[in-house]
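The values are calculated or read from the model by the stated rules, or taken from the named source; none is laboratory data. Owing to the predicted nature of the structure, the values given are computational and were not obtained by experimental measurement. When we count neighbours, we look across all protein chains shown, and the Cβ atoms used for this are built from the backbone with ideal geometry, even at glycine.
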Amino acid sequence: MTLRHRFFYWLFAIGVCLSNVTFGQLTFEREPIRYSKSKPNDAIAELSKQLESGNARLQWDQDHGYLKSLLKALRIPQSSQTLVFSKTSFQRSRISPRTPRALYFSDDVYIGWVQSGDFIEVSTADPNLGAVFYSLKQVNGGQPRFVRETDKCLSCHASTHTRRIPGHIMRSVFPEPSGLPRFSAGTFRTNHSSPLRERFGGWYVTGTHGSQRHLGNQTHSADDDGLDPDLGANVTSLEEKIDTNRYLTPHSDLVALMVLGHQVHVHNAFTTANFNARRTAHDAVVMNKALERDPDFESDSTKRRYASAAATVVEALLFAEEAQLTSPLSGTSRFAAEFSKFGPKDSTGRSLRDFDLKTRMFAYPCSYLIYSDAFDALPARLRIDVWSQLDTVLAGNGDRKKFGHLSEADRTAISHILRDTKAR
C-alpha cells in the first residue's frame, strides 16, 4: 500500500468513526423518537401544568430554596438523600468534599441540590423519552418555572456511559481532594452486577457493611498508591467531614445508594429497549411497504430485534449476574423502612420492595420498576416478548449464567407476587 493510499485509507477510517459517533448521538432525534421535539409526559410536565394553573405552589425557604417544597410536591422522601462530592455536575464549581451535592429520588424522578446553587437539577424517567432533564432557578419571587435542558445535559447523558440513549449515570471515580475525578485511575459504572469494592468512589456513604469494602468517603491524591478501602468503611456519621446541618438529613444512606444504582440501570434498560422496539416497528413498516408485503408481516430479523430488546428488559428486571453480598448491609436513615412500605403486596404479604441485604439486595429479585409507567409504556409488541421471556426464566429454563442466582423458591415467589400484583 502506497503512502498516498494509506492516507486515504486512514482518512476514510476516521470519517467512518466520526459518522458513527454522529449517528449514535442523533438517532434518538430522528423518527420515530424525535427526542428534543417530543413533548415530555412525566411528573415535571404535570407539576408545571399545576403551577401554571395555580393548583400547586412551591414554597421558598432561605436555607434550601425550593428544595423542600419540591420534594413534597413530587412525593420524594428526604430519607432518599445521598451525597456525591465528585465534580460531576454542571454546577461542579460549587461541589467539593466539603460541599457535596445532595441527590434525592423516587421511582421516576431525581433531584440534585447544591449549596448556594443557581439551580435545582431535575431529571425524570419519561415513559417514552427516557431521561428528560430540567433546571429550576433558585430565585425567590415570581413564578417558579422548570426549563427543559437538552444539549447541556446530553453531552454526558447520551454518551457511551448510557449506551447513547438519553439516560442516567451513576459512576464510581477516584476523586482528588478538590473533588475532580482522576480519570487516569479509571472509573466504574454502577449497577446491580457491580461488586461493592468498585462502588461509591466520589460519594459519601453512611451505613455498615461488615468486612466488605467500597471506595466511598475518601479522596485520592496524585502521590497516593490508591484509596485505602478501610479508611472509608462502616462510617455512620459524616460530622467530621462536612457540615451536615446544611442538608435536609445528616445521611448518605448505604441502602439508598444501592437502590439508586439498580434503579438507574433499569431505567436505562427500559429506554434502550423502548427505542429499539420503536425503531424496529418503524423499519418493518418501511421494508414491508418497499417489498409490497402484508403490513403486519414480521421477518426473522424483525423478530430477533424484538427478542433482543426484550432480553435487555428481562435481564435488568431479574438482576442478571447480580453481585453477591458477603456481609449484611444496613443504612443509617429511615430509607429502607419507608421504601418497603409502598408495596404492592401479594396475598401472603410479600412485596418486590422487601429487602434482603444479607446476600443480595432484595428478598425477591425482580425489580419493583415493573410497576412503573416506563415499563407499561414499552411498545405492546415488545411487552409480549418480555412476558414470554420472563415466564421462561421463572419456569427454570433461562440462561444459567445470567439467572443462576434465582433458586426454585425465588422463581416461585416472584411468579406468585407478579400474578397477584401485576396485570399483563
Output the residue which, of all residues in segment 181-207 that are among the hydroxyl-bearing types (Ser, Thr, Tyr) and in a loop (DSSP other than H, G, I, E, B), is surrounded by the most Cβ atoms within 10 Å (Cβ to Cβ). Thr190
I'm trying to understand the selection: among the residues of segment 92-129, which are small (Gly, Ala, Ser) and part of a loop (DSSP other than H, G, I, E, B)? Ser106, Ser116, Gly117
Are there any pairs, at least 6 apart or on different chains, whose C-beta atoms fall under 7 Å, with the first in segment 233-247 and closer than 20 Å to Arg197 by Cα and the second of a type in the set (D, E, K, R) and in a loop (DSSP other than H, G, I, E, B), and if so, which? Ala233/Arg213
Which one is nearest to the chain's Cα centre (by Cα) among residues in segment 247-256 that are assigned to a loop (DSSP other than H, G, I, E, B) and surrounded by 24 or more Cβ atoms within 10 Å (Cβ to Cβ)? Ser252
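The rows are residues; the columns are (1) part of a helix (DSSP H, G or I); (2) of a type in the set (Val, Ile, Thr); (3) without any contact (Cβ under 8 Å) to a residue 60 or more places away in the chain.
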| residue | (1), (2), (3) |
| --- | --- |
| Lys37 | no, no, yes |
| Pro40 | no, no, no |
| Ser48 | yes, no, no |
| Leu51 | yes, no, no |
| Leu58 | no, no, no |
| Phe90 | no, no, no |
Identify, by number, the condition in (1) assigned to a loop (DSSP other than H, G, I, E, B); (2) of a type in the set (D, E, K, R); (3) farther than 30 Å from Gln78 by Cα; (4) in contact (Cβ under 8 Å) with a residue 40 or more places away in the chain that Glu298 doesn't meet. (4)
Based on this model, can you work out whether Ala277 counts as of a type in the set (A, V, I, L, M) and farther than 30 Å from Arg334 by Cα? yes
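To keep it simple, each residue is scored yes or no on (1) part of a loop (DSSP other than H, G, I, E, B); (2) among the charged types (D, E, K, R); (3) crowded, with 20+ Cβ neighbours inside 10 Å.
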position: Ser211; (1), (2), (3): yes, no, no
position: Ile242; (1), (2), (3): yes, no, yes
position: Asn245; (1), (2), (3): no, no, no
position: Met258; (1), (2), (3): no, no, yes
position: Asn268; (1), (2), (3): no, no, yes
position: Thr271; (1), (2), (3): no, no, yes
position: Asn274; (1), (2), (3): no, no, yes
Quickly run through segment 340-354 and pick out the residues that are farther than 18 Å from Ser415 by Cβ and either crowded, with 21+ Cβ neighbours inside 10 Å or of a type in the set (Lys, Arg) (or both). Lys341
Please find, within segment 95-126, the residue that is surrounded by the most Cβ atoms within 10 Å (Cβ to Cβ) out of those that are aromatic (Phe, Trp, Tyr) and either farther than 30 Å from Asp373 by Cβ or in contact with a Lys or Arg (Cβ under 8 Å, 6 or more places away or on another chain) (or both). Trp113
Out of (1) closer than 19 Å to Ser330 by Cβ; (2) not in a loop (DSSP other than H, G, I, E, B), what's the single condition that is false for Ser237? (2)
Taking the options Ala409, Ala377, Ala336, name whichever one is of a type in the set (A, V, I, L, M), surrounded by fewer than 13 Cβ atoms within 10 Å (Cβ to Cβ) and either modelled with pLDDT of 95 or more or over 23 Å from the mean Cα position of the chain (by Cα) (or both). Ala409
Go over the candidates Arg75, Arg30 one by one and state the one that is within 30 Å of Ser237 (Cα to Cα) and surrounded by fewer than 22 Cβ atoms within 10 Å (Cβ to Cβ). Arg75
